[in-house]
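The values are calculated or read from the model by the stated rules, or taken from the named source; none is laboratory data. Predicted model only: the values in this text are computed from it and were never measured. Positions of Cβ are generated from backbone atoms using ideal geometry, with glycine treated the same way; all protein chains shown enter the neighbour counts. Keep in mind that these areas ignore ligands, DNA and RNA; they rest on the heavy atoms of the full protein, side chains included. Shrake-Rupley method; radii C 1.70, N 1.55, O 1.52, S 1.80 Å.
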Amino acid sequence: MLFAALELLLALAIPFILIHGYHTLLDSRTGTFVEDPTRADPGWAALVDPSIVVGVAEVDQGVVTGVSLVVHNPQLASAGAVVIVPGTLEIAGVTLDQLAPEDAVLAVSEAMRLGVGRIEVLDEAGWAAFLGSSSYVIDNPDPVPGVDGETLVPVGAIEVGAAVASAFAGRPVDGAVAVSVLPRRHLLWQALLGDPPATAAPLAADLGEIDPVRSRVVDLPVTQLEPVAVLDGAATEALVRDVVAFPAGAVDGDRLQVRVVDRVGGAALEEIAAQVAADGHEVVEIANAGVFDGGPTQVIAPVTIAGAGEAPPPELARLGQLAGVAEVTIDPRPVDEFVVTLVVGADHASMVPS
């Protein structure tokens, strides 16, 4: 009986030992260093910046005609994308063309669970500041009507500059549905991506940092286009994971925030962080443990995320599967943060020889 009781106490102590060891690993990083540790040293840590996402509201005659997300992934040799969103997209019963420009961008951001770092408004004044004197020869597929009933931009090879850009991107042929402007928007953004305007506008600088060869213009996935566009949630999340290397949530709780810690030395932290981010999680930090103890891989979540005695949320279970961990460890210590820690051990598949 005494042996059985001791065995039971040992089994109950295992989670505590794991948690205690985890705190030892992390708490040891909080000391004062005489010299800052380098990438290979115990105690080194670095914050991970999310990919750059700029939300662009396209406006014609005071109405939002579409939203475009300009995505820049500096971590992936400047690969990026422009995601085209129709102005008739309906979110929570309201279409984007019923909203103010900034609100339209924020609505798209929240619907995609993707944070935007900056909002740009391309109305007549916005296009003028963005394009300056630049213009683009585009093979226009359909006429763009003017305000007086005349044709503003004819069919065929035409020059699109600041004077006609808002109408070209957002004004359908008389009697046509609003989404009929999507081909024109594609053509314009492809031209802009291939040859950004030479102005001091921040958006021009963003496009100038994106490699046009490795980047593309894509449509937001929808389940229908008419009479209103309806977001395809699953396909949109797949698109985010495809074109946004390091996504951040639009609001807290959108995406599981993850810290990746190397406990053995020599782990491919950057590669592992990229894998975690590609699975849709928000990587906030990579770090070396304060001591390299050679322990196993763990996924440890604060009780504030998992909930005491509750099944872990799907995102947490998915992270555990990605890391090759049979069971996620729940830290019962009350904390204010909602960050999950992936502790990379010697058994992790992405380990590289040190």
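Scanning the stretch 314-335 for residues that are in contact (Cβ under 8 Å) with a residue 24 or more places away in the chain and either open to solvent by 80 Å² or more (accessible area, probe 1.4 Å) or not hydrophobic (A, V, I, L, M, F, W, C) (or both) returns Glu315, Arg318, Gly324, Thr329, Asp331, Pro332, Arg333, Pro334. Take the residues in the stretch 46-58 that are open to solvent by 10 Å² or more (accessible area, probe 1.4 Å) and out of contact with any His (no Cβ under 9 Å at 6 or more places or on another chain); name whichever of them is nearest to Arg185 (Cα to Cα). Selected residue: Pro50.
Residues checked against (1) of a type in the set (D, E, K, R); (2) in contact (Cβ under 8 Å) with a residue 40 or more places away in the chain; (3) assigned to a helix (DSSP H, G or I):
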| position | (1), (2), (3) |
| --- | --- |
| Pro183 | no, yes, yes |
| His186 | no, yes, yes |
| Ala191 | no, yes, yes |
| Pro196 | no, no, no |
| Ala200 | no, no, no |
| Ala205 | no, no, yes |
| Ile210 | no, yes, no |
| Val213 | no, no, no |
| Val218 | no, yes, no |
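Note on the stretch 137-163: residues that are part of a strand (DSSP E or B) and either open to solvent by less than 30 Å² (accessible area, probe 1.4 Å) or not acidic (Asp, Glu) (or both) amount to 12.
Here Val177 passes the criteria (1) buried (at least 17 other Cβ atoms within 10 Å of the Cβ); (2) of a type outside the set (Lys, Arg); (3) under 21 Å from Val67 (Cα atoms); (4) modelled with pLDDT of 95 or more except the one numbered (1).
Scanning the stretch 61-74 for residues that are open to solvent by 10 Å² or more (accessible area, probe 1.4 Å) and modelled with pLDDT of 95 or more, we see that the one that is nearest to Val240 (Cα to Cα) is Thr65. Restricting to the stretch 165-175, name every residue that is in a loop (DSSP other than H, G, I, E, B) and under 19 Å from Ile84 (Cα atoms). Once the filter is applied, which keeps residues that are in a loop (DSSP other than H, G, I, E, B) and under 19 Å from Ile84 (Cα atoms), the stretch 165-175 yields Arg171, Pro172. Could you check Gly80 against (1) under 18 Å from Phe130 (Cβ atoms); (2) among the small types (Gly, Ala, Ser); (3) at pLDDT 95 or above and say which number it fails? Every listed condition holds for Gly80 apart from (3). The set of residues from the stretch 155-181 being among the aliphatic types (A, V, I, L, M) and more than 24 Å from Gln224 (Cα to Cα) comprises Val155, Ala157, Ile158, Val160, Ala162, Ala163, Val164, Ala165, Ala167. Which of the residues belonging to the stretch 220-237 are part of a helix (DSSP H, G or I) and either touching a helix residue (DSSP H, G or I) at 6+ places or on another chain (Cβ under 6 Å) or open to solvent by less than 60 Å² (accessible area, probe 1.4 Å) (or both)? Those that are part of a helix (DSSP H, G or I) and either touching a helix residue (DSSP H, G or I) at 6+ places or on another chain (Cβ under 6 Å) or open to solvent by less than 60 Å² (accessible area, probe 1.4 Å) (or both): Gly233, Ala235, Thr236, Glu237.
Within the stretch 251-270, if we keep just the residues that are open to solvent by 20 Å² or more (accessible area, probe 1.4 Å) and over 16 Å from the mean Cα position of the chain (by Cα), the residue that is modelled with the highest pLDDT turns out to be Arg259.
Looking across Ala273, Ala235, Ala248, one residue alone is touching a Phe, Trp or Tyr at 6+ places or on another chain (Cβ under 9 Å), modelled with pLDDT of 95 or more and either of a type in the set (Gly, Ala, Ser) or closer than 30 Å to Phe130 by Cα (or both). It is Ala273.
If you go through the stretch 95-113 and keep only what is over 15 Å from the mean Cα position of the chain (by Cα), more than 20 Å from Leu182 (Cα to Cα) and either aliphatic (A, V, I, L, M) or buried (at least 20 other Cβ atoms within 10 Å of the Cβ) (or both), you end up with just Ala100.
Regarding Ala306, is this residue modelled with pLDDT under 95 and either among the acidic types (Asp, Glu) or buried (at least 22 other Cβ atoms within 10 Å of the Cβ) (or both)? No: the conditions fail for Ala306.
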